[in-house]
Structure formats: C-alpha cells, structure tokens
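First the structure, in the form of structure tokens, and then the observations on it.
Every number here is computed from the coordinates shown, using simple stated rules; none is lab data. The structure presented is a predicted model; accordingly, all values stated were derived computationally and were not measured. A quick note on method: Cβ atoms are made from the backbone with ideal geometry, for glycine too, and the neighbour counts reach across all protein chains shown.
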Amino acid sequence: MTKTAVIGTGYWGKNLVRVFYRLPGSELKYICDADSRNLEAVGKNYPGVKLTGDYREVLADREVEALAIATPAVSHYELARESLQAGKHTFVEKPLTLEVGHAEKLVELAVKADRLLMTGHLMVYHPAVEVLKQMVDSDELGRVYYIYAQRVNLGVVRRDENALWSLAPHDISIVLYLLGRTPVEVAARGGCYIRKEIEDVVFLVMRFAGGEMAHVQLSWLDPHKERKITMVGSRKMVVFDDMQASEKIKVFDKGVNPSNEYSSYTELLGLREGDILIPQLKMEEPLGVECSTFLACAAGQGPCRSSGQDGLAVVRVLDAAGRSLADGGKPVKIT
Ligand SMILES: NC(=O)c1ccc[n+]([C@@H]2O[C@H](COP(=O)([O-])OP(=O)(O)OC[C@H]3O[C@@H](n4cnc5c(N)ncnc54)[C@H](O)[C@@H]3O)[C@@H](O)[C@H]2O)c1
C-alpha cells in the first residue's frame, strides 16, 4: 500500500480524491485544501482520511510517498518543487507549470531527487487514444498527413487563464503522444469577448518536422459541445468523437491514390472509398488508468506516458502559442 494525498479539492481535485480513495494499492492518508468549505464538502465523504488546510503538514509526513496536486496552475511550480524536495513522488495536474523555465527546473529536480514527476495529461490514458496510437505505430493509417481537434463548449469560463492554457493541454498532449514528437513551429490566433485580455476562443496550428500539421480549435464560448479528433493518413482516416456514448472511433478506409492509368472517372481522381469500421472499445475511466499508472511508475513499474518531460514539452508549445497569440498569430519556432 502506498500512502497518498491530494492537494486541492476544487472542481477537478475531488475526482482525484475519489479515485485515490478507491484505487487498489493506494491508501489515501490526506485530503488538503486551503479553502475550508471545499475541504469539508469533499472530506465528509471519506471517513478515516485526515483533512488539512496546510499542505506543509502533508509534506512533513514521512509516511506519505506519493501525492497529487490539483490546485490552480499558478501554484503548481511552488507546490511541486516543495513536494519533490520533501521526497514525494509528485503528480501535477495540467498544465505542469505556466513557465518553461519552471517546468525545466521541476524535471531537473525530479531527476536529482530520484522521484517520479508526472503530469496530469488525462487524455493520453483514454482507451480511444490508445487505439489511435496503435493505428499510428502499426502503420495502419499510413503516413500521418494532418490532425485536427475540436474542444469547444459553453463554459467553464476561467478568470485567470485563457482558453489556450485551460483547454489546449489535452489536445497538445494527445497530438504529441500520437506523433511521438514535438512541433517545430506553432501559431495561434484568438479572440477576447467576455473579458479583456483573456482569450475565450483560440485556433492553434502546430507544424512538425515530418511535414505533419495539427490544428486545434478551443473555446468556452460555443453553442456545441465537441470533443473530437480527426486524423488523416495516407492509407486511412480515423475520427475519435468523445461525445458519443458508444462508437467513439470510426475508421474510414478512404484515401487518394493518384495513378496515370485509369478506366473510369473515379480512378482518374484516384479516390478510394472503402468501408467504415467501428472498432470495439474496452472502456475504462481514463482518470483511474492515469492514477494507477502514477502509482505503478512511482514503484518503478512501467514507462510513464505523461512524465515531467512530456509536461515540459506541452508547456513549451503553450508558451510558444501564447507568444504567437500576443503577436497577432505570427508563427513561433520551437528549437
Ligand atoms: N485533467 C482534467 O481534465 C482537468 C479538468 C479540470 C481542471 N484540471 C486542472 O486541475 C487544476 C485545478 O483546477 P480546478 O478547476 O479544480 O480549480 P479550482 O479552483 O476549482 O480548485 C482548486 C482548489 O485548490 C485549492 N488550493 C489553491 N491553493 C492551494 C494551496 N496552496 N494548498 C491547498 N489548496 C489550495 C483551492 O482552495 C481550490 O479548492 C488545474 O491545474 C486545472 O487545469 C484538470
């Protein structure tokens, strides 16, 4: 049994509490929140777990080996730094930090302290994303040409971060995971409609060294609720629609094979219109998979799909996109 703790029990942290409380191999020792109303509202459902408003009490307890931080992003760096320095395996919600330099320091510190630093890139633990990853790695899609993702909805409207920093970590982490590389250039344009200087809507484009392109549409000011990713490859195309209760993935055996020899108009165009396949998905709660991966990796078992390095890579893209946004959409190179 690993003794665990969750710091921050707001909108998202209460889900981490629920999972760590029930997770095999985890004994949730502390629930911590600086806001006593949040702490009590969540804590009353978990008898036997210590409640505290002071994270230092958690860090000082030598029995706690691993903890999750689900506080607002602005506090991630300080809390994660102190947690690693206290010798805890540390899970940090997305985005890992708000500054590239801070993320770099955390990665360095984790190595020095010989502790696991993991980022809460929830979507890379989604079974559908795993199916997409297998399709890319097995070459079923062929060469990946481009990807586009939509993450739009009405709300949750954030006050202290824009739609880019709030929503994009999910799609950026998916794209980087699927392609297995980081972009060389990023551009973003957005609009502030509800509050001054906080973008509610962002269109982000990433370009990769192999010629692949990824476009991400982000908004909390949209009539539709969409959580969708489309990948177009040279052999096949695939759509992951997370708003579907079942049939989340559809594989289209479609493509274009230009040829100089043809006997019909369709052949002249080189269009290939094959079957549509709906693979069966073994659904598991991504948050459960993510938290059990955290404990397994902390115990030295298995690779981590969302390490501190992966968190840093996403922060680098967010940072470049933020600079592009501020510069009217001018592309920013990532070296
Ligand atoms: N993985 C996901 O799908 C997902 C979804 C939503 C939010 N998040 C992430 O989770 C994090 C928290 O977001 P949220 O929407 O839950 O925010 P929130 O504001 O609802 O909750 C944050 C909580 O942290 C507490 N807190 C702040 N500083 C603290 C400190 N020093 N010590 C103890 N408690 C402290 C606050 O009192 C509050 O209860 C963010 O990083 C956000 O990006 C992830």
How would you order 117-123, 176-182 from highest to lowest mean count of nearby Cβ atoms within 10 Å? 117-123, 176-182
So what is log10(I(q)/I(0)) for segment 253-304 at q = 0.20, 0.24, 0.27 1/Å, when the Debye sum runs over its Cα atoms only? -0.76, -0.90, -0.97
Taking alpha-carbon centroids only, segment 1-21 lies from segment 95-140 a number of Å equal to 19 Å
Rg and Dmax of segment 222-288, using alpha carbons, in Å: what are they? 16.4, 54
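At a 10 Å Cβ-Cβ cut-off, how would you order F208, F294, fewest neighbours first?
Starting with the residue having the fewest Cβ neighbours, the order is F208, F294.
State to the nearest 20 debye the size of the charge dipole of segment 79-231 about its Cα centre, where the only charges are +1 on K and R beta carbons and -1 on D and E beta carbons. Walk me through the numbers on the way to the answer.
Working: 19 positive and 20 negative charges, 48 e Å.
In debye, rounded to 20, segment 79-231 gives about 220.
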Can you tell which of N260, N153, N15 shows the greatest fluctuation in a Gaussian network model of the chain with Cα springs below 10 Å? N260
Per q in 0.11 Å⁻¹, report the Debye log10 I(q)/I(0) for segment 20-178, using one uniform scatterer on each alpha carbon and no solvent. -0.56
Calculate for the chain the 222 nm mean residue ellipticity that helices alone would give, adding -39,500 (n - 2.57) per DSSP H run of length 4 or more and normalising by residue count, nearest 500 deg cm²/dmol. -10500 deg cm²/dmol
Treating every alpha carbon of segment 24-104 as one equal point scatterer without solvent, the Debye formula yields log10 I(q)/I(0) values at q = 0.11, 0.14, 0.21 Å⁻¹ of -0.30, -0.48, -1.03
So what J values fall out for segment 53-58 if you push phi through Karplus, 6.51 cos²θ - 1.76 cosθ + 1.60 with θ = phi - 60°, rounded to Hz, Gly and Pro as x? x, 10, 4, 5, 4, 5
Suppose the chain between D327 and H215 were pulled fully straight at 0.36 nm per residue; how much longer would it get relative to their current alpha carbon spacing? 38.5 nm
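For the chain, give the magnitude of the charge dipole about the Cα centre (Cβ charges: +1 Lys/Arg, -1 Asp/Glu; no others), in debye to the nearest 20.
Result for the chain is approximately 280 debye, rounded to the nearest 20.
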Built amide H within the under 5 Å cut-off of K94, gap 5+: G120
Positive-pole candidate from G233, S219, I7, dipole of the chain, charges at beta carbon: I7
Find the Rg to Rh ratio for segment 60-111, where Rh is the Kirkwood radius over alpha-carbon pairs and Rg uses the same atoms. 0.94
Between the residues L39, A86, V111, the Cα farthest towards the positive end of the dipole of segment 1-128, that dipole coming from +1 and -1 charges on the beta-carbon of Lys, Arg, Asp and Glu, is from L39
What is the packing order of peptides 239-252, 209-222, taking the mean over residues of other C-beta atoms within 10 Å and listing the highest first? 209-222, 239-252
Calculated FRET efficiency for the pair E27/I278, C-beta based, R₀ 25 Å, to 0.05: 0.05
